[in-house]
Amino acid sequence: MFAAVKDYFARLRNQRRMEQKGLVGSRKRRTDTPLRTAADQSKVLGALMLIALWGVCSLMLMLPSLQSGRLPLVLTQSAPKTIFSDFDFAYKNIEKTDKLKRDAVDQVPLYFKISDTETAKATQNLKSFFAAVAVRANSEKQSRKYIPDSDYFSNLVAGMDNGIIQSVYSLIQNDQQSSNFEKELDLVMGQGVFSQKEKNSYKVGQQIRIIDSRGRDRFPKMAVDVPTPEEAAEVIVDAVLKYYSPSGDRDILRKNLIQASVAVIGMHGNLTLDAQRTETKRKETAEAVKPVMVEVKKYQPVIAKGQIVNAEMLTRLETYEKICQERLQETDTGQKLFRNITWSLILMIFVGFYMYHIHPEVVRSNQKIGIAGAVIVISLMANYLFIELFNYFSANFSIPPELVNDAIPMALPAILLAVMIGFRVALYVGFFVAAITSMMLGNSFDVALEGLVVCCLSGIAVRSAINYRSFFLRSILIVFATFWLLDFNILYNISARTDIMLWTAGLSLINSFITATTALILIFVFELFFNVSTNMSLLMLCDYNHPLLKRLQLEAPGTFHHSLMAATLAEYAAKAINANPVKARVGAIFHDIGKLTKPEYFAENNVGAESKHDDLHPRMSSLIILNHVKEGVDLALKYKLRKIIRDTIQQHHGTDIVYYFYKRALDDNREKGLQVDEGEYRYPGPLPSEKEVVIVSLADACEAASRSLQKPTPNKVEAMVWEIFRKRIRDGQMDDAKLTIAELAKIRDSFVKTLTTMTHSRIAYPKDEEDEDDLFMEANKNVAPSEKTDNPAGEKSV
């Protein structure tokens with residue numbers, strides 16, 4: 001029985017070794033399990049996780065209050081004492097709000113309508129004027145005495161000189177000039193005309209808005225800019241006489257035409273005040289004014305002793321009393337639970353809104369939601385535990401209770417998430433945890449503010465850590481320095497004690513050590529259970545002793561060298577655009593590990609030997625080339641590489657085409673008249689999207705293309721990089737890339753600079769003219785006879 005079991009395990013080990021060496025061809029391709037992929041993208045699971053987090057936060061706020069007490073309230077005509085606010089609140093300043101409304105109403109322009117009746121009347125007056133001029137001119141031609149009619153324009157024409165009449169008649173006989181006169185009149189009347197009396201009644205700076213005949217509002221304008229009949233008449237006449245040359249005195253003609261135009265327009269103009277619309281707009285403007293809210297911070301006086309309560313003080317005191325009464329009434333569990341649920345939901349919506357717009361990839365991944373949620377729950381539980389511990393030690397060792405902030409590990413969520421997801425996510429999650437913690441402590445503003453500052457500085461300090469030692473030391477130093485320095489903000493509120501600085505320094509140091517140690521342990525836990533990547537874990541994969549990299553060195557040395565060069569290109573380009581250089585480097589090092597399955601079919605590993613593709617059909621050759629992506633993902637899963645590396649392997653070719661074999665297929669099938677499906681020669685994708693993956697994709701293409709340059713020069717390198725970038729863009733390979741044009745330009749410049757350095761030429765050393773064989777013979781002549789040997793092969797005698 002024992003021998004059979006031993007033999008069974010021996011066969012399993014043997015089969016495992018054969019699979020690793022590729023001697024067994026029936027292996028199953030590894031891939032992400034459908035269950036894991038579905039779970040990561042399931043909206044239902046994500047919603048359940050958020051609901052669970054919401055419930056945990058609400059329950060944490062239901063724990064017993066750690067601080068209690070408020071100031072008594074007195075409301076009288078004369079304040080008997082100073083009442084300080086026990087919390088932040090805001091009240092409406094009625095006086096300032098009313099003043100703002102009055103100022104806003106004064107800025108509302110007056111609305112005027114254009115009277116269609118007056119406009120039509122002016123047009124008719126112009127025709128009457130033209131008709132009267134024509135009648136008098138004809139009378140003069142027939143040597144008849146002109147007898148004016150009873151209308152105004154006939155009498156006006158009768159008082160004009162004969163020369164003026166002839167000039168005006170000549171003008172109106174010209175169809176174009178008379179038409180211009182009518183158009184200018186319509187234009188001026190359409191803009192609106194004030195009477196001189198009405199214009200003088202408005203103050204300087206008064207704005208108006210004119211409503212045309214279609215009921216449309218025009219842009220505001222100053223009342224002084226609206227012309228009077230005299231000003232409008234001058235505009236009309238000057239426009240008409242601009243292209244007309246009278247036979248007589250031009251100034252006299254202009255003066256008479258202006259007089260006639262004033263009569264045509266009328267002294268009252270054509271604008272009438274729309275009082276109803278003006279009043280409506282004033283009401284709307286007054287209602288739109290936001291009330292002036294005055295904030296009263298915690299510990300600020302609501303009312304000082306001896307002050308007589310005025311309207312503002314009464315409003316402030318009533319608002320404060322109302323809020324206090326509401327707080328006093330919230331004594332039952334139902335109300336408290338409702339409040340906690342509401343505030344937790346508001347904070348979650350606030351942070352979720354930020355995540356959705358700034359980091360949508362976090363919202364779409366249940367794995368990242370789970371990481372952030374786990375960090376929040378662990379942080380809240382740790383905060384409550386340390387608050388309780390601090391209260392215990394404070395009661396027994398007389399530690400000032402105001403130093404409770406120093407005992408809470410508020411930097412923990414920011415330190416964890418800054419290296420696992422990103423700084424901005426760490427900052428907002430840290431703010432969320434700090435806000436919940438401040439509500440645990442009775443809505444302490446100092447805790448919320450201090451938590452925000454600590455999380456911000458801690459996230460900045462550790463996000464660029466590249467090893468665990470650096471991560472641990474940075475965490476200790478930044479947390480200790482931040483907490484200790486922020487204590488100066490509360491020194492004025494605590495009684496003077498000689499040991500206060502020692503307590504603050506000691507608590508800050510203990511807090512920093514516990515925070516750093518806990519974070520370091522949790523990093524290992526999260527990397528293990530959530531398969532999350534950090535710069536520290538990724539940098540460890542850059543070790544060339546990794547099994548895959550050792551195989552790459554031995555089995556595919558050309559691919560290994562290409563990967564190193566591409567990693568150098570990607571790392572410097574990522575630094576140039578402030579992307580993650582560690583992700584770019586480790587992704588580039590592993591991006592071609594799929595070539596390990598058939599390294600001899602790739603040119604870089606087959607230098608000097610006959611190509612393996614010469615005897616293969618182009619389709620078969622393309623399948624081998626295309627398959628290295630799938631094989632690479634398979635190896636990455638087999639060796640449990642990080643997701644960012646698997647994404648790089650899968651996406652670094654996008655849907656690019658294997659052009660060499662595609663061209664061969666076209667040439668082979670052209671004579672046969674067969675069609676070639678381009679899709680069969682393209683990589684399956686998907687297109688690269690993350691900045692680091694896009695950089696690796698471009699670095700891979702540029703480094704490979706640089707090998708084909710003959711006598712590379714900076715200009716040749718730059719032209720090659722330009723062409724590769726253009727081809728990728730034209731082919732749609734950059735459609736999903738999260739890069740800007742400016743970032744692409746920086747990547748291109750970095751590639752050119754690095755490739756130029758890599759492919760630089762060396763000085764050709766002159767060859768020694770003296771023959772080496774002659775030197776050897778000369779040296780052989782000087783050898784003693786006993787040292788010479790008769791062995792023609794040069795072998796040593798034993």
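For the range 237-256, state whether one or more residues are at pLDDT below 80, buried (at least 17 other Cβ atoms within 10 Å of the Cβ) and in contact with a Pro (Cβ under 8 Å, 6 or more places away or on another chain). Yes, the range 237-256 contains at least one residue that is at pLDDT below 80, buried (at least 17 other Cβ atoms within 10 Å of the Cβ) and in contact with a Pro (Cβ under 8 Å, 6 or more places away or on another chain). State yes or no: is ALA519 modelled with pLDDT of 85 or more and in contact with a helix residue (DSSP H, G or I) (Cβ under 6 Å, 6 or more places away or on another chain)? Criteria met by ALA519. What are the residues in the range 213-226 that are touching a helix residue (DSSP H, G or I) at 6+ places or on another chain (Cβ under 7 Å), surrounded by 14 or more Cβ atoms within 10 Å (Cβ to Cβ) and part of a loop (DSSP other than H, G, I, E, B), if any? Listed by number, the list holds a single entry, VAL226. Just so you know, in the range 578-601 the residues that are assigned to a loop (DSSP other than H, G, I, E, B) and surrounded by 20 or more Cβ atoms within 10 Å (Cβ to Cβ) include one that is farthest from the chain's Cα centre (by Cα), and it is ASP592. Please list, ordered by first then second residue, the pairs with beta carbon atoms under 9 Å, 6 or more apart or interchain, first in the range 398-409 and over 10 Å from PHE386 (Cα atoms) and assigned by TED's automatic domain parsing to the domain that holds SER444, second hydroxyl-bearing (Ser, Thr, Tyr) and modelled with pLDDT under 75. Sorted first by the residue in the range 398-409, then by its partner, the pairs are PRO400/SER394; PRO400/SER495; PRO401/SER394; LEU403/SER394.
The residues listed here are VAL168, VAL193; of these, the one that is of a type outside the set (Asp, Glu), surrounded by 15 or more Cβ atoms within 10 Å (Cβ to Cβ), under 21 Å from SER143 (Cβ atoms) and touching a residue at least 40 places away in the same chain (Cβ under 8 Å) is VAL168. Within the range 128-161, the residues that satisfy the criterion of being without any contact (Cβ under 8 Å) to a residue 24 or more places away in the chain, in a helix (DSSP H, G or I) and among the hydrophobic types (A, V, I, L, M, F, W, C) are ALA131, VAL135, ALA158.
Just one of the listed residues (ALA395, ALA382, ALA372) is modelled with pLDDT of 85 or more and surrounded by fewer than 22 Cβ atoms within 10 Å (Cβ to Cβ), and it is ALA382.
Taking the criterion of being among the aliphatic types (A, V, I, L, M), surrounded by 18 or more Cβ atoms within 10 Å (Cβ to Cβ) and under 30 Å from VAL168 (Cα atoms), the residues of the range 93-134 that qualify are ILE114, ALA122, LEU126, ALA132, VAL133. Do we find a residue being in the same structural domain as ALA579 (by TED's automatic domain parsing) and within 22 Å of GLU361 (Cα to Cα) anywhere in the range 616-635? Yes: the range 616-635 contains one or more residues that are in the same structural domain as ALA579 (by TED's automatic domain parsing) and within 22 Å of GLU361 (Cα to Cα).
Only one of the numbered conditions (1) surrounded by 15 or more Cβ atoms within 10 Å (Cβ to Cβ); (2) touching a Pro at 6+ places or on another chain (Cβ under 9 Å) is violated by LYS663, and that is (1). Each residue in the range 164-202 was checked for being modelled with pLDDT under 80 and part of a loop (DSSP other than H, G, I, E, B), and 1 pass. Does any residue of the range 724-744 turn out to be part of a helix (DSSP H, G or I), under 22 Å from the mean Cα position of the chain (by Cα) and either among the hydroxyl-bearing types (Ser, Thr, Tyr) or under 23 Å from ALA567 (Cβ atoms) (or both)? So far as the range 724-744 goes, yes, one or more of its residues are part of a helix (DSSP H, G or I), under 22 Å from the mean Cα position of the chain (by Cα) and either among the hydroxyl-bearing types (Ser, Thr, Tyr) or under 23 Å from ALA567 (Cβ atoms) (or both).
For the criterion of being touching a Leu at 6+ places or on another chain (Cβ under 7 Å), under 30 Å from THR280 (Cα atoms) and aromatic (Phe, Trp, Tyr), PHE219 fails. Among the residues of the range 453-460, is any among the hydroxyl-bearing types (Ser, Thr, Tyr), under 23 Å from ILE387 (Cβ atoms) and at pLDDT 90 or above? Within the range 453-460, one or more residues are among the hydroxyl-bearing types (Ser, Thr, Tyr), under 23 Å from ILE387 (Cβ atoms) and at pLDDT 90 or above.
Can TYR544 be described as surrounded by fewer than 18 Cβ atoms within 10 Å (Cβ to Cβ), among the hydroxyl-bearing types (Ser, Thr, Tyr) and either in the same structural domain as VAL676 (by TED's automatic domain parsing) or not in a helix (DSSP H, G or I) (or both)? Taking the combined requirement at face value, the residue satisfies it. Does any residue of the range 276-293 turn out to be outside the structural domain of PHE194 (by TED's automatic domain parsing), surrounded by 12 or more Cβ atoms within 10 Å (Cβ to Cβ), modelled with pLDDT under 70 and among the hydrophobic types (A, V, I, L, M, F, W, C)? Checked the range 276-293: no residue is outside the structural domain of PHE194 (by TED's automatic domain parsing), surrounded by 12 or more Cβ atoms within 10 Å (Cβ to Cβ), modelled with pLDDT under 70 and among the hydrophobic types (A, V, I, L, M, F, W, C).
Taken over the range 227-272, residues that are touching a strand residue (DSSP E or B) at 6+ places or on another chain (Cβ under 7 Å) and assigned to a loop (DSSP other than H, G, I, E, B) amount to 1. Kindly check whether there is at least one residue in the range 428-451 that is more than 25 Å from GLU388 (Cα to Cα), at pLDDT 85 or above, part of a helix (DSSP H, G or I) and within 24 Å of the chain's Cα centre (by Cα). Within the range 428-451 (the criterion being more than 25 Å from GLU388 (Cα to Cα), at pLDDT 85 or above, part of a helix (DSSP H, G or I) and within 24 Å of the chain's Cα centre (by Cα)), the answer is yes, since at least one residue qualifies.
The values are calculated or read from the model by the stated rules, or taken from the named source; none is laboratory data. Only a predicted model underlies this, so the values are computations on that prediction, with no experimental measurement involved. Methodologically, a virtual Cβ is constructed for each residue, glycine included, from the backbone with ideal geometry; neighbour enumeration extends over all protein chains shown.
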